[in-house]
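The structure appears below as structure tokens.
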Amino acid sequence: MATSKNKSVNRMSPREKMINLMYIVLTAMLALNVSSDVLNGFSQVQDGLTRSNRTITARNQALYAQLQAFNEKNPEKGKVWLDKATQVVGETDSLFNFIDSLKLLIVKTADGEEADVNDIRSRDNTDAASQVMLPPTGNKGKLLRERIDKYRQFVTSFLDDPEKRRNLEAALSTVPPKNVDNANTKKNWEETMFDNMPCIAAVTLLTKLQNDIRYAEGEVLNQMLTNVDLGDLRVNLVNAFVVPDSRIVMRGTKYSAQIVLAAIDTTQRPVVYINGSRLGNNNGLYEVGTGKAGKYEYSGWIEVLGRDGSVTRRPFESSYTVIDPLATVSATMMNVLYAGINNPISIAVPGVPQGSISASMTNGSLSKSGDGWIAHPTKVGTECVITVTAEMDGQRTNVGSTTFRVRKLPDPTPFISFKDANGNVNRYKGGRPGISKALLLAAGGLDAAIDDEILNIDYRVVSFDCNFVDAMGDYHPEASGSSQFTERQKERIRRMQHGKQFFITNVKATGPDGITRTISPIQVIIN
């Protein structure tokens, strides 16, 4: 300060008072300063959450479409679940759109009427969120909390699984976290979310909330789709059915079919007649040789003796087709092949043992592996053709070929691998509910993989940066030249308090195709 320690404030000169005032203003400005790299980190997280919301929305729309399709085929069973699903979708869309309006209102408060949520100019504005969401200038935060509470109670009422219900209650919780800095200071949920929060951070938090809402919607729709057939065990119609192993049979093999009566009494076997002749066994198995390609039809009836001694007869008719040999080639993982890695391939020729099948491939190599095949394409963008030949009746015959597109592997997702209390390995991919400091330090570093339920490919992390922000808003990046946390990074993590966060960015990983790429960042929250 410009004045001595024992000098009264009332005796300060105007110049000294001015210098002290400027010092206070400067200190406040430094305290409010937010690193541009941190703001960029929020922007990256916001972009990732927006993409994730589009993906989850598309998945939920597909689940709803399945309920609609089932209702069209069987409205008696499907309507009750479709009506509930429609109600869930309506409530979800209403809350989702309300949050969209809040994001736009916050950005307009920061940037003006020409604001764009996808291009925020005043990202470091710490007043806009408070003005919109908190009293005395706004009360949208309280309204949002009340709507979330109502929505949480609504969606969890459709779930029977206690674990799923607990997960949704945690994801949509509005219980404010404990104030680590001052345990005596009690803040409500909206104050912890939006008080003194930079504009980009507030928008990112709202997008994360939309992500949680879409996740809840998907869990409920999936539960309803599962419930459609639960408990449907009643039988009110008795009929004869023909159940063939296949309606298409290769020449030289046998055609097999089960002829059964629905809801039959297992203590009494029905009698089966085919083309006027009684079937030679009592288990309903019908077999006939196939010597020539073509379509073949047959008919008959089933007789069953009733309790009153009467005979009930149910007619049936069916057909089968005999075809010449045909090869089938399919990619085990998906409908495309990825360059630079081994792609499992299934190749089969009906009626021909695997030992008599050969195959070749363009734009790469194809090799046998157990009961399957491994395709290893080389050039991205160039189709590869797999040609199959089979030895039948002593002669090798070309039985078909299949064309595949070749693509580059997609980017992996970074994660922190840790073991829970039961010793199970889990993957923390960032965001809430966060990870404990002990588990984070025990993990030791960062991993990456493609685990989207289609591909399951591990990547090797070669470097990454940890971005820490101290209480003054100063930015402290720490780099690692491997997949492990450095001692400096660990020391920073040890000093972090509950509820604080840092970002892992500039993650570089190398896949089995030998390509090193920069992948998405992680928001790490200490819980």
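Can you tell me which residue among Leu159, Leu168 is part of a helix (DSSP H, G or I) and at pLDDT 90 or above?
Unique residue meeting the criteria: Leu168.
For the subset of region 335-349 comprising residues that are surrounded by 13 or more Cβ atoms within 10 Å (Cβ to Cβ) and among the small types (Gly, Ala, Ser), which member is farthest from Thr402 (Cα to Cα)?
Within region 335-349, the match that is farthest from Thr402 (Cα to Cα) is Gly340.
So which of Gly423, Gly431, Gly394 is in the same structural domain as Ile341 (by TED's automatic domain parsing) and on the phi > 0 side of the Ramachandran plot?
Just one listed residue meets the conditions, Gly394.
Hey, among Ile374, Ile357, which residue is over 20 Å from Leu409 (Cβ atoms) and among the β-branched types (Val, Ile, Thr)?
Ile357
Only one residue in Ser122, Ser173 is in a loop (DSSP other than H, G, I, E, B), touching a residue at least 60 places away in the same chain (Cβ under 8 Å) and either in the same structural domain as Arg51 (by TED's automatic domain parsing) or buried (at least 19 other Cβ atoms within 10 Å of the Cβ) (or both). Which one?
Of the residues listed, the single one that is in a loop (DSSP other than H, G, I, E, B), touching a residue at least 60 places away in the same chain (Cβ under 8 Å) and either in the same structural domain as Arg51 (by TED's automatic domain parsing) or buried (at least 19 other Cβ atoms within 10 Å of the Cβ) (or both) is Ser122.
Which of the following residues is acidic (Asp, Glu), assigned to a loop (DSSP other than H, G, I, E, B), modelled with pLDDT under 95 and within 26 Å of the chain's Cα centre (by Cα): Asp229, Asp212, Asp181?
After ruling out the rest, the residue left standing is Asp229.
Could you please give the count of residues in region 184-209 that are crowded, with 19+ Cβ neighbours inside 10 Å and not in a helix (DSSP H, G or I)?
Going through region 184-209 one residue at a time, the tally reaches 2.
Given the options Asp83, Asp100, name the one that is more than 16 Å from Leu205 (Cβ to Cβ) and not in a loop (DSSP other than H, G, I, E, B).
Asp83
Looking only at region 506-527, filter to residues that are of a type in the set (Ser, Thr, Tyr) and in contact (Cβ under 8 Å) with a residue 40 or more places away in the chain; which one of those is surrounded by the most Cβ atoms within 10 Å (Cβ to Cβ)?
Among residues in region 506-527 that are of a type in the set (Ser, Thr, Tyr) and in contact (Cβ under 8 Å) with a residue 40 or more places away in the chain, the one surrounded by the most Cβ atoms within 10 Å (Cβ to Cβ) is Ser520.
Report whether or not Met1 is surrounded by 14 or more Cβ atoms within 10 Å (Cβ to Cβ), hydrophobic (A, V, I, L, M, F, W, C), at pLDDT below 95 and out of contact with any strand residue (DSSP E or B) (no Cβ under 6 Å at 6 or more places or on another chain).
no
Quick one: in region 491-505, which of the residues that are of a type outside the set (A, V, I, L, M, F, W, C) and buried (at least 16 other Cβ atoms within 10 Å of the Cβ) is farthest from Glu478 (Cα to Cα)?
Within region 491-505, the match that is farthest from Glu478 (Cα to Cα) is Lys500.
Search region 350-361 for residues being among the polar types (S, T, N, Q) and either surrounded by 16 or more Cβ atoms within 10 Å (Cβ to Cβ) or within 28 Å of Val322 (Cβ to Cβ) (or both), and hand back the single one that is modelled with the highest pLDDT.
Step by step, filter region 350-361, then rank; the result is Ser358.
Scan region 271-285 for residues that are touching a Phe, Trp or Tyr at 6+ places or on another chain (Cβ under 8 Å) and in contact (Cβ under 8 Å) with a residue 24 or more places away in the chain and jot them down.
Within region 271-285, Val272, Tyr273, Ile274, Asn275 qualify.
Do we find a residue being touching a Leu at 6+ places or on another chain (Cβ under 9 Å), modelled with pLDDT under 90, surrounded by 15 or more Cβ atoms within 10 Å (Cβ to Cβ) and of a type in the set (A, V, I, L, M, F, W, C) anywhere in region 367-390?
no
May I ask you to list pairs of residues, at least six apart or on different chains, whose Cβ atoms are under 6 Å apart, with the first in region 398-416 being closer than 30 Å to Val349 by Cα and the second being small (Gly, Ala, Ser) and assigned to a strand (DSSP E or B)?
Close Cβ pairs satisfying both conditions: Val399/Ala390.
What pairs come out if I take residues in region 425-436 that are among the hydroxyl-bearing types (Ser, Thr, Tyr) and pair them with residues that are at pLDDT 90 or above whose C-beta lies under 7 Å away, six or more apart or interchain?
Tyr428/Phe415; Tyr428/Ile416; Tyr428/Phe418; Tyr428/Ile435
Quick test of your reading of the structure: Leu102 fulfils all but one of (1) surrounded by 14 or more Cβ atoms within 10 Å (Cβ to Cβ); (2) free of Cβ contacts under 8 Å to residues at least 60 places away in the same chain. Name the failing condition by number.
Result: Leu102 fails condition (2) only.
Which of the residues spanning region 451-479 are out of contact with any Ser or Thr (no Cβ under 7 Å at 6 or more places or on another chain), crowded, with 17+ Cβ neighbours inside 10 Å and over 14 Å from Arg492 (Cβ atoms)?
Within region 451-479, Ile457 is the sole residue that qualifies.
The values are calculated or read from the model by the stated rules, or taken from the named source; none is laboratory data. Remember, predicted model here, so these are calculated numbers, not experimental data. As a convention, Cβ positions derive from the backbone with ideal geometry for all residues, glycine included, and neighbour counts pool all protein chains shown.
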